[in-house]
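The values are calculated or read from the model by the stated rules, or taken from the named source; none is laboratory data. A quick note: this is a predicted structure, and the numbers were derived from the prediction, not measured. No Cβ is skipped: glycine too gets one built from the backbone with ideal geometry, and neighbour counts run over all protein chains shown. Accessible surface areas use protein heavy atoms only, side chains included; no ligands, DNA or RNA. Shrake-Rupley method; radii C 1.70, N 1.55, O 1.52, S 1.80 Å.
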Amino acid sequence: MIPVEHYIALSSILFTIGGIGFLARRNMILLLVSIEVMLNAVNLALVAFNRARPETHAGQMLSFFLIAAEAAELAIGLAIVLAVYRLKKTVRVDDANLLRH
Amino acid sequence: MMPSILALMPMLVIGFGALALMLAEVLTDAKTGLAVGTAVVLFTAAAFACAGWMVGPENLGDAAVFAPWLVFDRFTLFFEVLLALSGALAALVAGGYLREHGIDRGEFYAILSFSTLGAMMLAAAGDVLMLFVGLETMSIGAYALAGFRRGSPKSAEGALKYFLLGSFAAALMMFGFALLYGATGHTDLAGLHNALASESLRSPSIVIALALVLAGLAFKVSAVPFHMWTPDAYEGAPTPATAFMAASVKAGGFAVLLRVLLTVFGDERSASWATGWPPVVALLAVLTMTVANLVAGRQESIKRMLAYSSIAHAGYLLVGVVAAIRAPAQAQSAVLFYLATYSVSTIGAFAALVLCGSRGAEVVSYEDLAGLGRRHPAVALPFAFFILSLAGMPPMAGFFGKWFVFKAAMDAGLHGLTVIAFINSVIAAYYYLKVFVFLYMREPAAGAPIAKPMWSGEVVTAIALCAFFVLLLGLAPGAVLDAALAVGGAG
């Protein structure tokens, strides 16, 4: 059996990749992908921790709800990106610069 | 059985009410009644929460049997009343605003109701799962409301920034909770608290988890330096949605912040000045107040000014949160009371701002307000009134809100923090008074666009209710303060 630390290491790496991607990327779609990578790192951590503590299913349950809520969130996110694209014909966040003080 | 149903009634009423609103929107052509319908649903929910308060949450015991992940205590009930009232007032403002500006689509009210429901679940959450579901229900609705004006590039852009940073914050927070689950094996908040308090658990993952959760929460309550989305989302969103975000979403954020910091991380090590979160939150509070107040003075747009003002208010609230480590009951009730005063003042201000403008002649900048006090005294007066309350002028509600938070901080021995908060509330007077200068002492520049007031019974009703609450909380704060103290005493 693979020890839980390995899963957590992988999950941390995924989370970091997602975080760096979110901060470094400039394409809106890729920002959405980065957020998904981060949330799936959370899911992986939850399921792995649950495997280490098989007496309850709290972690697995939480990850199911995370997946469902992620899907809803992404639907709204894509709708917003589409709205921006229709109005500005671009998916680069740097071009979203109307609101400044 | 009866009392336990009563505990769930506020949420059930809003949930089914929102579904009914969606049906009504589809099945009928009448859009005018939806705002009033939403307000009725939310006021009913508030009435049920009040009834639950009177019965007493200790008599709602068996509610925990079929809703084990929700906590029904006075803290929850206080927030249920506050959130339902804020949502109802925002819906009334929307009734006038959406019709005037030609974006009268019925889904606004259903989304607003569901988002309010999410905020209530957030306040009532007793488990990380419920906390997350509530957070997402609230936030997803708020993203949609922020981008509601689909044809406007500003609205879409504000919604985009809000969505991206909001989801990023949620991801940070959930990774923090996943680490906590790994360290303790608990996802229920009480279990997490016990595990963190009892075990000699000193794993570095708990510190990382605390940092991640705190960062996520700071995003939600828009504390500096996690505030970048706030001015953009507030400016771009339709004004009623801005009012909703400034009042309900912020109140929901503070509910979960209090719950997480005082319950989960309320153990001696995490909540001590030397080894835990208090110095970090104190630093956030100082940064939030100072940066927001300094930047607010430089704004030209009224909505951006109000956005920075709402960030500054989050800073004062964080002072109260820090004070809660030394004087938990007093500081927590001060924060709750402050949230009540801030919510009615800020919704009132946005409602009055809506009334000052009309289609194609909205109030955007200070210049648009120039001379409004002379041309249209009846709409300038409410705006001035709520601005005074936000500034914390006695005898308005805002004054007592600040007074109790500052007093709690003083009693907790946080003298430096209190002085900084006080200096900040003096700095804030600058940009609030600037509104007065423009309203009453300036004449519009030649050729400048002049805002024309609109008329709407719903908005006037919302303003009247807000003004009533502002005066009630300012002149006779006793009842609400007692309620807030009862929360502090019980929690």
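Tabulated results
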quantity	calculated
Tally, over region B:158-172, of residues that are hydroxyl-bearing (Ser, Thr, Tyr) and facing another protein chain (nearest Cβ under 8 Å)	1
When residues of region B:269-308 are limited to those that are surrounded by fewer than 24 Cβ atoms within 10 Å (Cβ to Cβ) and among the small types (Gly, Ala, Ser), the one modelled with the highest pLDDT	B:Ala282
Members of region B:69-108 that are touching a strand residue (DSSP E or B) at 6+ places or on another chain (Cβ under 8 Å) and within 23 Å of B:Met9 (Cα to Cα)	B:Trp69, B:Leu70, B:Val71, B:Thr76
Considering residues of region B:146-157 that are buried (at least 24 other Cβ atoms within 10 Å of the Cβ), more than 18 Å from the chain's Cα centre (by Cα) and not in a loop (DSSP other than H, G, I, E, B) only, the residue farthest from the other protein chains (Cβ to nearest Cβ)	B:Ser155
Residues being farther than 23 Å from B:Ser345 by Cα and either free of Cβ contacts under 8 Å to residues at least 24 places away in the same chain or aliphatic (A, V, I, L, M) (or both) - total across region B:52-85	11
Qualifying residue in region B:83-96 (condition: open to solvent by 10 Å² or more (accessible area, probe 1.4 Å), in contact with a helix residue (DSSP H, G or I) (Cβ under 7 Å, 6 or more places away or on another chain) and either farther than 18 Å from B:Glu25 by Cα or not in a helix (DSSP H, G or I) (or both))	yes
Of the criteria (1) surrounded by 22 or more Cβ atoms within 10 Å (Cβ to Cβ); (2) in a helix (DSSP H, G or I), which one B:Ala195 fails	(1)
Selection count, region A:74-95, where residues are open to solvent by less than 60 Å² (accessible area, probe 1.4 Å) and in contact (Cβ under 8 Å) with a residue 24 or more places away in the chain	6
Top-ranked residue of region B:110-145 - restricted to ones that are over 22 Å from B:Leu8 (Cβ atoms) and of a type in the set (Ser, Thr, Tyr), ranked as farthest from the other protein chains (Cβ to nearest Cβ)	B:Ser139
Residue within region B:370-388 that is within 30 Å of B:Trp277 (Cα to Cα), among the basic types (Lys, Arg), more than 21 Å from the chain's Cα centre (by Cα) and at pLDDT below 90 present	no
